[in-house]
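The block underneath contains the structure these notes are about, expressed in structure tokens.
Values quoted throughout were computed directly from the atomic coordinates according to the rules given, and no laboratory measurement underlies them. Note that this is a predicted model, so its numbers are computed, not measured. Quick reminder, even Gly has a Cβ in these numbers, built from the backbone with ideal geometry, and neighbours come from all protein chains shown.
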Amino acid sequence: MSDALSQPTGSNDSSHSDEREASCHDTPLLQLVGVTKRFGGLAAVNDLSFSLQKGEILGVIGPNGAGKSTMVNLIGGSMAPTSGAIFYQGHDINRLPPNRRAHLGIVRTFQITQPFMGLDVRENVMVGAFFGQRGLDRARALHVADEVLERVNLAHKATFKGDQITIADRKRLEMARALATNPQLLLLDEVMAGLTATEVAQAVELIQQINETGVTVLVIEHIVRAIATVSNRILVLHHGRKIAEDKPSQVLSDPRVIEAYLGERYAKRRIQEENGVSSITLEDLPQNEEDR
Amino acid sequence: MSSGTKTQTPSAIESHPPEPKESREWLWSLILGLVILGLVATVPVLGDASALHTWTLIIMFVVLAQSWNFIGGFTGYSAFGNVVFFGIGAYTTGLMLLGNQPFWLGLVAGALVAALFAFLLGLPVLRLRGHYFAIATLGIAEAMREFVTVRDVGGGGGGLMSLPLPSLASYVGFFYAFLGLSLLCLLITVFLTRSRFGYALIAIRESEQAAEALGVPTYWYKVGAFVLSAVPTALAGGLYAYWATGFDPDTVFNVSVSVEMVLLTVLGGPGTIVGPILGAIAFEYASFQLQTSGFSLHNTLLGLSIVIVTIFLPQGILRLIREFVRKPAPGTPRANRLVEGVRRVRRFIAANGV
């Protein structure tokens, strides 16, 4: 943990990530072992185990209430698991508060965007730069913020207040703030929900760009098509359990996944029609189930 | 630095709009604050003894509002017991004076004791949020008043009614001491709106969860803000103790002073630079005018103001002014600006109040 903390600030981190990749390519960047989170009698996340290698993009899908956001809360540290353990670079991080995890490089966005209304867009991002990276002075933090805003295509709204921007820009701001912390592992909680098709395409491109700079990404999404194009692997949650984890094409033709998403009757019909050979296309799956 | 972008072709500007400049609002606020304090500084020259007395107290309330602003306005934690730091400052300084210590040492001791008390009190109560935090802090102020009264600290219920008389300082000296303290608070406030520390506090106010997720150690920043708001309050308490040459627990631990700190700040504009100054001067001046004209309406005014502020000005006078002078949409004729401003203010009240 101390190596992540003492990382020189503001420097181009590609050389560091290369080093780390070389030194830890056997230990996964993130590993969940039998993680369960109960709310009273309900297990929102139930005996979940998976691991994430450095440099991957892992997509997580699942119907409403599948436990996706709870999972992000558990990894991000705003909730403690009822049982099970979470390892980051081989270290048990179960007891670390969210801000310490952020210092280690685990940074999340929020599904319900939470801009700091009293600050303008640039200052919002500066909070990420100030607290995610160590020892930045104001000028450096400003520079980082402007750079990040340029990347997420929000530079022209830098002086808008947090409550003066559209939902798409708020999602961008969530990403920008997280990026300004110089993360190792980025947890994106439905950053595409509520966006138009063009904006989704931009977001997909942005996630790929972020990943190319060496950031490992865990992306939670309802928009199956978007997630299928961007992810190396997809993990499907249903009622808090992992029901599938594989390459996008495999996962999306899995009958259990189709059933979970589209209901039993639809799945049966499809399977009858296809005579057991499921070749459901991505377009058949819901584009956007945001309305809640 | 963005001047280079102005020479681009129209199409280039369309795809890459010139980067917006950083807001200079803080600078204008600082200047406005300095002008207000500068005007107040002329009171001893232009006014008589009673004006000096009134304005000394007004500036004291300005300081109280400004320091409450650190925890209540910036951090968004409605502390309803900050008068406890005022009382601690007053008692510490008073007891030091009675022990024949120099006044400045008493002041420093009061500030230190209050800072330590805020730290120790903040550790448990800043784990609470919202109403629970407000109630807990309210309870502390009352408990402290009872404690001082019952345990007979420095004269108990009767208070410290006789201090050694001011030898060096004059009333004018006290006035400028309060004014200097207010200036210090103004500078701290400006620093907060521009610094890492201040950004953290604002982030905590807007979304503690998001702040935490971005790496802000929110708990310690809240404790820091609480201590920061305790210190000037205690200094004001110490100055008050010597200035009034005596006080009793009911005055310096009076919960209504706590409520007043909240009201003055919220009236002016919580989390702003000049809001607390404006709010405190407007309210206290009106209150003193009523008092001297024979009406004893202070508490009525306090109550009425709370009602009016919560209904119409949930974000303070300053926010309304800002809404009024905000740059209109391009193409608005100059003649329509006033109408447009009034309309915007009405819309703002409708959207945020009632």
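Considering every residue in B:300-311, what mean count of other chain Cβ atoms within 10 Å of its Cβ is obtained?
So the per-residue partner count for this stretch is 0.
Mind checking the angle between helix B:255-268 and chain B's longest principal axis? C-alpha axes, 0 to 90 degrees, to the nearest 10.
The helix B:255-268 is inclined about 20 degrees to chain B.
Under a 10 Å cutoff between Cα atoms, tell me which one of B:Ala118, B:Ala136, B:Ala90 has the largest fluctuation in the Gaussian network model of chain B.
Of the options given, B:Ala136 has the highest mean-square fluctuation.
Is there a simple number for the mean count of other chain Cβ atoms within 10 Å of the Cβ of residues in A:97-105, and what is it?
5
Quick check on the exposure proxy: order A:Ser249, A:Ser78, B:Ser305 from fewest to most C-beta atoms within 10 angstrom.
A:Ser249, A:Ser78, B:Ser305
Non-local amide H neighbours of A:Val45 (under 5 Å, H modeled in plane, Pro and chain starts lacking H): which ones?
Correct list: A:Lys37.
In nm, to one decimal, how far is the A:Thr27 label point from the B:Ala286 one, both placed 7 Å along Cα→Cβ?
Going from the A:Thr27 label point to the B:Ala286 one covers 6.3 nm.
Work out the charge dipole of the stretch B:24-309 with +1 on the Cβ of Lys and Arg and -1 on the Cβ of Asp and Glu about the Cα centre, then indicate which of B:Leu52, B:Thr251, B:His131 is farthest towards its positive end.
B:His131
How much length is gained on full extension from B:Gln101 to B:Leu27, taking 0.36 nm per residue of separation minus their Cα-Cα distance?
Stretched fully, the B:Gln101-B:Leu27 segment lengthens by 22.6 nm.
Rank the residues B:Met261, A:Met192 as a footprinting-exposure proxy: fewest other Cβ atoms within 10 Å of their Cβ go first.
A:Met192, B:Met261
Tabulate in residue order the Karplus-calculated ³J(HN,Hα) for the stretch A:128-143, using 6.51 cos²θ - 1.76 cosθ + 1.60 with θ = phi - 60°, rounded to whole Hz; enter x for Gly and Pro.
Taking θ as phi minus 60°, the curve returns x, 5, 5, 9, x, 9, 8, x, 7, 7, 4, 5, 4, 4, 4, 4 Hz for the stretch A:128-143.
So how do B:43-52, B:219-228, A:198-207, A:117-126 stack up, highest first, on mean other-Cβ count within 10 Å?
Output ranking for B:43-52, B:219-228, A:198-207, A:117-126: A:117-126, B:219-228, A:198-207, B:43-52.
Nearest 10 degrees, 0 to 90: what angle lies between the long axis of helix B:25-40 and the longest principal axis of chain B (Cα atoms)?
So the inclination is approximately 40 degrees.
May I ask you to derive the relative contact order of chain B, considering only C-alpha pairs under 8 Å and at least 6 residues apart, and to give it as an integer percent?
Relative contact order comes out at 27 percent.
In sequence order, what are the phi-derived ³J(HN,Hα) couplings for the stretch B:225-240 according to the Karplus relation 6.51 cos²θ - 1.76 cosθ + 1.60 with θ = phi - 60°, rounded to whole Hz, with x for glycine and proline?
Result, rounded to whole Hz: 5, 5, 5, 4, 7, 6, 5, x, 4, 5, 4, 4, x, x, 4, 4.
Show me, for the stretch A:196-208, the HN-Hα J-couplings you get by feeding each phi into the Karplus relation (A = 6.51, B = -1.76, C = 1.60, θ = phi - 60°), rounded to Hz, glycine and proline as x.
Whole-Hz 3J(HN,Hα) from phi for the stretch A:196-208: 6, 4, 4, 5, 4, 4, 4, 5, 4, 4, 4, 4, 5.
Name the residue, out of B:Ile59, B:Ile317, B:Ile135, whose mean-square fluctuation peaks in a Gaussian network model built on chain B with Cα pairs under 10 Å.
Maximum among the listed residues: B:Ile135.
Using Cβ contacts closer than 10 Å as the measure, can you line up A:Met71, A:Met79, B:Met60 from fewest to most?
Going from sparsest to densest Cβ surroundings: A:Met79, B:Met60, A:Met71.
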